Ligand SMILES: Nc1ncnc2c1ncn2[C@@H]1O[C@H](COP(=O)(O)OP(=O)(O)O)[C@@H](O)[C@H]1O
Ligand SMILES: Nc1ncnc2c1ncn2[C@@H]1O[C@H](COP(=O)(O)OP(=O)(O)O)[C@@H](O)[C@H]1O
Ligand code: SF4
Ligand code: SF4
Ligand code: SF4
């Protein structure tokens, strides 16, 4: 049996095809202006890899931006919030996990699940994009490096220069300000990652994290943010061997599998 | 429904225009603690201030700050931009610190000739009741003097009677959802509540009768989960409608524009005392101190009767009263076995609706619905 | 509950402040420079910084009595349980003298505790703040209350026996936070409401409420309020009032001989130890130091770039160093609105007259008087205007403590009216009075400098960059 | 005549004005980035070359703005509030309020009839309502900021932006595009929401009789027009390129030295 999951984010979109209880194929692309286009492209990509078509999926679930339209267009049969999907996906890769910190391009969420991967509680950033991947993107651009380099660079830091400005957009100038005064990019990178972790902690506190804890979403790839979060929580987080960005789509596919029984 | 839509879509509705045409004076008030009957008895048209989800506040923000509740900022904006120019007077209440600020700035920037402060106690003990009785008497005096009204017990009793009728009818519609099938959605109920403060009482009775007449023929609404909603004073019907589209229907609430409106228990017979009791004893609002247990009991009872599956508690950003109350309420509702979602929101149509919907959808998923 | 945050806040605010002060209390009345250095070395960085400034020679005498006073207050709280006394938590605007008049009651003031914690402890108050956030409380509440609440609720700290909400009617955040704690911990709450009515009618209702509160306190204490106790406290209250007024008078001098930090000593005394010998001693030593300054030639010839008054709160995180910075930049810090209590001597003729006087001073206490008035702006503006004239203030600052909804909602009005009535400008800032992460001190200082040089002095701030 | 040079190191752009008495010889502008000394040096040599003036002829170099103290080439620095007030005082003597809208903040500067600063107020906590906000949005829509006015002129309606956060607004705007809304209409909505934030700042000092708008955003007539419509008081257009107001003021203050 084949199940599909599509997750359209603010920056990247993913599709996962699940065969019974294993990831059969997956794709990740940069988003297109229209979420439905993103969904169609990324799903087609994941299917094509194994020579499949939409018809071969017995159930497909969409999540993320435009999840309802994607369903209306017939690419999926049901839509689910990203929150449930990340919870489910993370639980599948790490059954012992109870708290998931998911940080994407514009959203930061902390999700608590039970022993069956069902949602127990969650919080999500609301008014402000200050503690999201977008902050890291803007910052790395200002430092003239890629977002992938931001983590490694900060491990070379002599000291940590934290950002004081709340606004993601304005931290840009703050970085300029420090660079003008001769600060080293490594120290700034370390500060940026710590600032990021501090903002995420504000959300983490709201749910009261319970062990075991893990991270999903693109920012999970930043080792320095991860370390800072661990330090702030006083506990280690679990890692896994699946790309952290596909966890949402994976969760959607898992839910598709669950729902098939109910909906058919 | 069109009458209702026109009432909840515009501030200066047709009843306002008619009242102006016939020379009836219109007096604005904001808080549920304002004894409307006194205004009715004075022959005035009590108009409850609302902002209908309008989120533009640039004029208000020159007075109030970013750190004030958006509902108050929006109301002040409408006061300053001329929308509320039809009001012949305003009654201030010390509902919360933000509301006080809203009134003060309004009176500072665009003064009215009639501006009366009804000081509502924050306790409901015997001393406070005496104080509130005096407040009502002072209000009567002020109205008599300024508008040449002649408020007497007879008129007050009449007005109380009409409001009792309204409450009974509202209750009937409200509780129609508790039996089984839901024929009236939560946002429709909210429309009625918002309409209530937008037209004279006798007209509202007619409107309610019309509405009740249609109940029979209505089709049941699909319902994925039965929700309780509570928190901030909000008249954002559109917001509730959007959230209900996700399938969770609001079947009970404790909004200020909502289920608290028709609580009217009182024992005193003399009208002024009776009014004081109606308004002070039944003010299930977090601004009241020492009676949280009462509020909790009121909400738990409603939740039980309405067979609710989960609760969504809102507060406007920077609202202290609901911001704190909701945390306590969440703890107590969860103790009672009910899942709860806390939502902090900015007042104003559509602001971040997508993000609110994601959270509500996840909450419904959590409820397994 | 929230296990990880709970761990982080293991030791409560009270206990930590208490242990720090019990060390400080043992210091000799006069510290040599070496002794000071030695002390600073053993303290953690945040505390050391504060102590360095607090114990500098020019104000050491006053600081020492201040420290002694607070140690006594903390010890009494600590010892209350063993001696069968009850601890009553009250907000800053509640005058504590009535509680001092009970044998069996000990007051503790929320904001004083938080301020001490923030000034003197490593990591300031942020761990307790975090704990409170973990409960789901919004981040726009007053940090002073939230920190204190976080500390109490994390369950590791002292437990008061009752909470007085002295802010019902004048501050929602404050009263509501206290209500939250009392509900959560299951403590009795005593509400003292002030009606927003400046007339005799309002005062009458308030008086009634106050008497009701005394009855509740009597019940809590298990004793009646004794005439002789009341009289003893009242006499000391009058001494405090006298000293307070002397200090007020001295502040009219140019340059101001009263060091900025004394405004903190004075209001802490008002909030915690008014009507006690320790309070009198603190005020006396403040007065002695200020008089000495007044008489010293060096002090009198000091340049005063500005005389600045904080129209509501000031910043209390990094406070001691911040006040030093103002001094170094020749900005006289004339204190904040927490000075605007206007105490009057009590008429000692009878129990009734004493109580009447105490009630009036509660009615006129800071915040109650301004934000609890019929109009939040009117009294506040009048008081600012008065103090500007009395103390020859030439610039005022609004710190913009973001939880303070009442002042924020009438700040625009206040600034414009103050300018209109006195010609004195107001700098509007944004920040949090007790938490440094909202707005960093450097940003605040930069704004203040721009304000002082461009707006108050209108001379600009020409800085040479090249020889 | 004395020649002075004003340098305004802004959050986004560094500006230079070369002044002879009160006559502008030349101006130059470039983006502010990390490499500070080189940028400023480059600007200085550019204005000097264009103005046909040698470095020795410059009596004073005055810096202002965010990095003012780091400009090694400057003789002294002044706060931007003082510079803006000086520029307004000189060019529009009886104007009480100057609203400076730069890349990162809105600053209201209130002056008295003598041109002295009576008060100022800065709003710089959030990018909503800053020049950067407009830039981020127009670039997300693929519109060069130079063409913003032209584009907005084609608008037939205004699509309201509901969120104030620049980051969220960017994606909200993209969703409007997806729903088939026209770019000019969306941009018109953005300008409107931006103007509202400026208006509430401007109104905070109470009503004034005359005001002017400076800073880079003052160049955008789509925004200034809305301000004009909604603010009471007479709008006085800034006589020189408003983005250079602070640099001009700095050079003026150099003249007084
Ligand atoms: N290889 C990487 N190393 C570090 N950070 C990364 C990497 N890839 C992506 N990110 C971060 O992840 C964010 C995007 O996360 P993602 O989950 O794809 O977001 P969305 O779901 O909103 O599209 C980016 O903003 C970036 O900061
Ligand atoms: N042609 C233009 N090029 C660049 N920015 C412009 C232009 N016209 C207007 N702007 C606006 O001006 C802003 C920069 O203003 P400026 O006063 O130079 O800021 P700062 O002094 O903070 O560097 C930009 O963010 C942009 O919104
Ligand atoms: S929520 Fe309470 S205080 Fe606010 S308007 Fe309603 S009844 Fe009044
Ligand atoms: S929502 Fe809160 S802040 Fe706003 S008016 Fe109601 S009680 Fe006051
Ligand atoms: S501070 Fe920045 S990131 Fe936050 S809401 Fe404002 S623009 Fe968005």
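A few notes on this one:
- Restricting attention to the range C:175-204, the residues that are in contact with a helix residue (DSSP H, G or I) (Cβ under 6 Å, 6 or more places away or on another chain) and within 20 Å of residue B:93 (Cβ to Cβ) total 4.
- Residues located in the range B:319-351, provided they are within 11 Å of chain A (Cβ to nearest Cβ) and either under 23 Å from the mean Cα position of the chain (by Cα) or within 16 Å of ligand 1 (Cβ to nearest atom) (or both): B:327, B:330, B:340, B:341, B:342, B:343, B:344, B:345, B:346, B:351
- Flag if residue D:240 is out of contact with any strand residue (DSSP E or B) (no Cβ under 6 Å at 6 or more places or on another chain) and surrounded by 18 or more Cβ atoms within 10 Å (Cβ to Cβ): no
- So residue D:156, is it within 16 Å of ligand 1 (Cβ to nearest atom), over 25 Å from residue A:171 (Cα atoms) and out of contact with any strand residue (DSSP E or B) (no Cβ under 8 Å at 6 or more places or on another chain): no
- Qualifying residues in the range C:111-150 (those that are modelled with pLDDT under 80 and on the phi > 0 side of the Ramachandran plot) - the one farthest from the chain's Cα centre (by Cα): C:123
- When the range A:26-63 is limited to residues that are over 11 Å from residue A:5 (Cα atoms), in a strand (DSSP E or B) and touching a helix residue (DSSP H, G or I) at 6+ places or on another chain (Cβ under 8 Å), the one that is nearest to the other protein chains (Cβ to nearest Cβ) turns out to be A:29.
- Filtered by the rule that a residue be in a loop (DSSP other than H, G, I, E, B) and either within 16 Å of ligand 4 (Cβ to nearest atom) or on the phi < 0 side of the Ramachandran plot (or both), the range D:98-117 gives D:102, D:103, D:104, D:105, D:112, D:113, D:114, D:116.
- Listed by position, the helices (runs of 4 or more DSSP H) inside the range B:106-210 whose residues that are within 14 Å of chain C (Cβ to nearest Cβ) and crowded, with 22+ Cβ neighbours inside 10 Å number at least 1 are B:126-147.
- Residues that are within 14 Å of chain B (Cβ to nearest Cβ) and within 21 Å of the chain's Cα centre (by Cα) do not occur anywhere in the range C:74-87.
- Residue within the range B:81-104 that is more than 15 Å from ligand 4 (Cβ to nearest atom), more than 9 Å from every other protein chain (Cβ to nearest Cβ) and assigned to a helix (DSSP H, G or I) present: no
- Filter result (surrounded by fewer than 24 Cβ atoms within 10 Å (Cβ to Cβ) and assigned to a strand (DSSP E or B)) within the range D:205-223: D:210
- Candidate set: the range A:102-122, residues that are over 15 Å from the mean Cα position of the chain (by Cα) and within 9 Å of another protein chain (Cβ to nearest Cβ); chosen: the one nearest to ligand 4 (Cβ to nearest atom): A:121
- Yes/no for residue A:175 being more than 14 Å from chain C (Cβ to nearest Cβ), more than 23 Å from the chain's Cα centre (by Cα), within 16 Å of ligand 1 (Cβ to nearest atom) and over 29 Å from residue A:95 (Cβ atoms): yes
- The one condition in (1) away from ligand 1 (no atom under 16 Å from the Cβ); (2) surrounded by 23 or more Cβ atoms within 10 Å (Cβ to Cβ) that residue D:114 fails to fulfil: (2)
- Qualifying residue in the range A:117-130 (condition: farther than 30 Å from residue B:311 by Cα, out of contact with any strand residue (DSSP E or B) (no Cβ under 9 Å at 6 or more places or on another chain) and surrounded by fewer than 22 Cβ atoms within 10 Å (Cβ to Cβ)): no
- Applying a threshold of 7 Å to beta carbon distances and a minimum spacing of six or more residues, or different chains, the list of pairs starting in the range D:164-177 at a residue that is more than 7 Å from chain A (Cβ to nearest Cβ) and ending at one that is within 12 Å of ligand 1 (Cβ to nearest atom) is empty.
- Matching residues in the range D:118-134 - criterion: being assigned to a loop (DSSP other than H, G, I, E, B) and either within 7 Å of chain A (Cβ to nearest Cβ) or at pLDDT 85 or above (or both): D:125, D:126, D:127
Yes/no matrix, rows are residues, columns are (1) surrounded by fewer than 20 Cβ atoms within 10 Å (Cβ to Cβ); (2) away from chain C (no Cβ under 14 Å); (3) within 16 Å of ligand 5 (Cβ to nearest atom); (4) at pLDDT 90 or above:
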residue: B:255; (1), (2), (3), (4): no, yes, no, yes
residue: B:261; (1), (2), (3), (4): no, yes, no, no
residue: B:270; (1), (2), (3), (4): yes, yes, no, yes
residue: B:273; (1), (2), (3), (4): yes, yes, no, yes
residue: B:280; (1), (2), (3), (4): no, no, no, yes
residue: B:297; (1), (2), (3), (4): yes, no, no, yes
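- For the range B:217-253, filtering for residues that are in a strand (DSSP E or B) and either within 14 Å of another protein chain (Cβ to nearest Cβ) or more than 16 Å from ligand 3 (Cβ to nearest atom) (or both) leaves 10.
- Filter pass, residue B:225 being touching a residue at least 60 places away in the same chain (Cβ under 8 Å) and under 30 Å from residue B:24 (Cα atoms): no
- Residues located in the range A:194-216, provided they are more than 16 Å from ligand 5 (Cβ to nearest atom), modelled with pLDDT under 95 and more than 11 Å from chain C (Cβ to nearest Cβ): A:194, A:197, A:212
- Filter pass, residue B:114 being in contact with a strand residue (DSSP E or B) (Cβ under 9 Å, 6 or more places away or on another chain) and within 11 Å of ligand 4 (Cβ to nearest atom): no
- Among the residues of the range D:188-223, those that are more than 16 Å from ligand 5 (Cβ to nearest atom), within 14 Å of chain B (Cβ to nearest Cβ) and touching a strand residue (DSSP E or B) at 6+ places or on another chain (Cβ under 6 Å) comprise D:202, D:205, D:208, D:211.
The values are calculated or read from the model by the stated rules, or taken from the named source; none is laboratory data. The shown structure was predicted, so the numbers you read here are calculated from the model rather than taken from an experiment. Glycine gets a Cβ as well: all are built from the backbone with ideal geometry, and neighbour counts include every protein chain shown.
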